[in-house]
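A.B. asks: Below you will find the structure I want to go over with you.
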Amino acid sequence: MKQVFLQLLQLSFYFAEKLAADTSNIIATRAEPAVFAALKDLFPQAEYHALARMVVIKRERVSKPKGLVAVLTAGTADLPVAEEAALTAEIMGNRVERIYDVGVAGLHRLLHYHQQLEKARVLIVVAGMEGALASVVGGLVSKPIIAVPTSIGYGANFLGLAPLLTMLNSCAPGVSVVNIDNGYGAGCCASLINQLD
């Protein structure tokens with residue numbers, strides 16, 4: 001098993017060196033600190049974002065980011081997935097506004113941000129537990145919503161299956177769903193939508 005791990009690690013560094021020849025930004029998701037330490041040797045400009053568990057290597061800058069992507073979380077436990085989505089969207093050249101801890105258990109917190117929600121071109125809604133926030137936001141604004149179920153939660157969350165099914169069954173129009181804990185996928189999708197002319 002140890003030999004397989006070492007071979008996979010060597011393969012990863014091979015691909016990292018190939019990426020070094022390119023001039024694009026690089027994102028490594030679900031990265032442990034040990035991965036960052038190894039990549040830092042190859043890429044001195046590499047940054048580690050512990051909450052998002054991401055290594056970011058910025059090599060090209062977007063002079064004027066387009067539009068606005070809003071990233072919302074139901075609770076603070078959803079922050080790692082939300083930060084993965086937010087950082088991904090930022091690195092892809094989007095303005096991002098974070099609106100965290102506005103779940104349906106305290107609906108007044110969400111309503112406080114209604115004007116900011118209306119300014120966004122696309123919203124990423126990250127929620128665990130029952131995942132109801134995406135439907136609520138979909139009922140408040142007529143914008144594309146990318147719902148991200150998280151594996152965070154207790155009781156009958158079933159490691160994200162409960163919020164996934166809630167989001168898939170949303171009756172609010174304009175709600176699309178990515179896989180459980182897929183902040184990266186949500187950030188990429190939001191970027192594509194936000195940058196449409």
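The values are calculated or read from the model by the stated rules, or taken from the named source; none is laboratory data. Keep in mind it's a predicted model, so treat the numbers as computed, not measured. Every residue, glycine as well, gets a Cβ built from its backbone with ideal geometry; the counts of neighbours run over all protein chains shown.
A.B. asks: Among the residues that make up the stretch 106-118, is at least one of them crowded, with 24+ Cβ neighbours inside 10 Å and under 21 Å from Asn194 (Cα atoms)?
C.D. replies: No.
A.B. asks: Select, from Leu164, Leu159, Leu140, Leu168, the only residue that is touching a helix residue (DSSP H, G or I) at 6+ places or on another chain (Cβ under 7 Å) and assigned by TED's automatic domain parsing to the domain that holds Glu83.
C.D. replies: Working: Leu164 fails: touching a helix residue (DSSP H, G or I) at 6+ places or on another chain (Cβ under 7 Å); Leu159 fails: touching a helix residue (DSSP H, G or I) at 6+ places or on another chain (Cβ under 7 Å); Leu168 fails: touching a helix residue (DSSP H, G or I) at 6+ places or on another chain (Cβ under 7 Å).
Criteria check complete, one pass: Leu140.
A.B. asks: Taking the options Arg98, Arg121, Arg109, name whichever one is under 18 Å from Gly174 (Cα atoms) and in the same structural domain as Gly174 (by TED's automatic domain parsing). Spell out how you get there, then give the answer.
C.D. replies: On the way: Arg98 fails: under 18 Å from Gly174 (Cα atoms); Arg109 fails: under 18 Å from Gly174 (Cα atoms).
The match here is Arg121.
A.B. asks: Also: Have a look at Gly131, Gly187 and point out the one that is more than 25 Å from Asn25 (Cα to Cα) and either of a type outside the set (A, V, I, L, M, F, W, C) or in contact (Cβ under 8 Å) with a residue 60 or more places away in the chain (or both). Break it down stepwise before answering.
C.D. replies: Numbers: Gly187 fails: more than 25 Å from Asn25 (Cα to Cα).
Going through Gly131, Gly187 in turn, just one is more than 25 Å from Asn25 (Cα to Cα) and either of a type outside the set (A, V, I, L, M, F, W, C) or in contact (Cβ under 8 Å) with a residue 60 or more places away in the chain (or both): Gly131.
A.B. asks: So, Lys64, is that one at negative phi and in a loop (DSSP other than H, G, I, E, B) or not?
C.D. replies: Numbers: at negative phi: yes; in a loop (DSSP other than H, G, I, E, B): yes.
It is true that Lys64 is at negative phi and in a loop (DSSP other than H, G, I, E, B).
A.B. asks: Filter the stretch 139-151 down to the residues that are surrounded by fewer than 24 Cβ atoms within 10 Å (Cβ to Cβ) and under 18 Å from the mean Cα position of the chain (by Cα) and list them by number. Before the answer, list the steps.
C.D. replies: Applying the first criterion (surrounded by fewer than 24 Cβ atoms within 10 Å (Cβ to Cβ)) to the stretch 139-151 yields 139-144, 151.
Once the filter is applied, which keeps residues that are surrounded by fewer than 24 Cβ atoms within 10 Å (Cβ to Cβ) and under 18 Å from the mean Cα position of the chain (by Cα), the stretch 139-151 yields Lys143, Pro144, Ser151.
A.B. asks: While we're looking at this one, here's another question. Quick check on the stretch 169-188: of everything there that is of a type outside the set (S, T, N, Q) and out of contact with any Pro (no Cβ under 9 Å at 6 or more places or on another chain), which residue is surrounded by the most Cβ atoms within 10 Å (Cβ to Cβ)?
C.D. replies: First, pick out the residues of the stretch 169-188 that are of a type outside the set (S, T, N, Q): 171-175, 177-178, 180-181, 183-188.
Still in the running and out of contact with any Pro (no Cβ under 9 Å at 6 or more places or on another chain): 171-173, 184-188.
Details: Cys171: 8, Ala172: 17, Pro173: 10, Tyr184: 21, Gly185: 17, Ala186: 30, Gly187: 32, Cys188: 18.
Looking at the filtered set, the residue picked out is Gly187.
A.B. asks: Residues Gly185, Gly139, Gly160: which one is in a helix (DSSP H, G or I), on the phi > 0 side of the Ramachandran plot and not polar (S, T, N, Q)? Full working, then the answer.
C.D. replies: Values: Gly185 fails: on the phi > 0 side of the Ramachandran plot; Gly139 fails: on the phi > 0 side of the Ramachandran plot.
Among Gly185, Gly139, Gly160, only Gly160 is in a helix (DSSP H, G or I), on the phi > 0 side of the Ramachandran plot and not polar (S, T, N, Q).
A.B. asks: Within the stretch 152-168, how many residues are surrounded by fewer than 17 Cβ atoms within 10 Å (Cβ to Cβ) and farther than 18 Å from Leu123 by Cβ?
C.D. replies: 7
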